[in-house]
Amino acid sequence: MAHEPEVQDQGQRPGERLARLLRRWWEEAGSTAPGGTRPTQQALASKLGIDQTTLSRYLNPKHASTAPPRVVEALHAHLRAPAAELEQARELYRAALEESNGQAAAVGNVPEPAEAAGTADGTDGRGTPGRPGRSRWVLPALVAAVTVLAFIAGAVVRDQYAPRPGTAADSVAAGAVPVSGAPLEWPLLKKRKEDQFTPGRALQHLLRAHGYEVRTDGFFGDETQEAVMDFQRRNNLSSDGKVGKDTWPELVIPLGRGADGHAVLALQELLHNTGQGGTEVSGKFTAATAEDLKYFQRHHSHHGLRPSGRADVDTWLALLVFQRPPSAAPTYQNPTSPPPSTPA
């Protein structure tokens, strides 16, 4: 069935347009489904391997849909939606993801210094063609002077923007997206009064998976620090109460289909917050969790991840690095959250 562009779509964000499109697929499914009946959301969610609440969120036209590609494609097939609209849905998902990543970068990233202007050989400084150079018409002395000045300016810029010792270690890597293919570094979490959001909660879930009764509130206070220090002592690590490159690899737990508990909650919360679409946070490593994890691993294969659908140490590292900063107060924050303790 052909559809004209809806007036309501004009000016809407890609995620909202995707939600409207998916909703229409479901509402019109009765005219294409066998027997002329539209499947209930409960039945449809069961076929997709997700819970009904998550599906309802994907189909809610009042909110931007975060349905990942595998769900979009499954909905298209189960609801017998028009063939031409599958690619439209994919494009809306990609646009919504780019918009989301752009917002995350604006919040959490420091802009990199601009590269120097085109070099004398007509390239942009990286060996790729730039604007046509006119240096061959300039006196050799002037060329030499410009080269010296560019070298000095480049050195100043590099010195100004080069990471200072300890800078990366003192911040959570939420939203800080590394250069493609660059080695990933474990974020450093330590005691502080601010909510450390999903990485902080993942740390606390992992501590609980190791038997420590800590609150999973995102606040790295005395309780969490004491648990970390005890864990470090038991694993022959420096008991400084800080969670970084030595402690994370000991804390994370390899996971696969059938696993459950707090370690799975940590994995699912991190996966949900990477911006690729909603992952159900249930504490049970389901087939849907494995598919979402495979998608994340394929997307970051340039960092050495294999789409195995299992959480190994490298996958945990990538999940912790590619966290989005929160755009608003997380839902788990409420008036009953404990007052944060002041760092020593």
Checklist entry - Which of the lysines could a cross-linker span from LYS242 if the Cα-Cα distance has to be under 16 Å and same-chain partners fewer than 8 positions apart are dropped? => result LYS190, LYS191, LYS193
Checklist entry - Quick one: how many Å² of SER46 are accessible to a 1.4 Å probe, rounded to 10? => result 90 Å²
Checklist entry - List the lysines whose alpha-carbon lies under 29 Å from that of LYS47, not counting same-chain residues fewer than 8 positions away? => result LYS62, LYS284, LYS294
Checklist entry - Sorted by accessible area (1.4 Å probe), largest first, how do TRP26, TRP186, TRP248 line up? => result TRP186, TRP26, TRP248
Checklist entry - Considering only protein heavy atoms, what is the solvent-accessible area of ARG298 at a probe of 1.4 Å, reported in Å² to the nearest 10? => result 120 Å²
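The values are calculated or read from the model by the stated rules, or taken from the named source; none is laboratory data. Bear in mind the structure is a predicted one, so any value in this text is a computation, not a measurement. Calculation scope for accessible area: heavy atoms of the full protein, side chains included, ligands and nucleic acids excluded. Shrake-Rupley method; radii C 1.70, N 1.55, O 1.52, S 1.80 Å.
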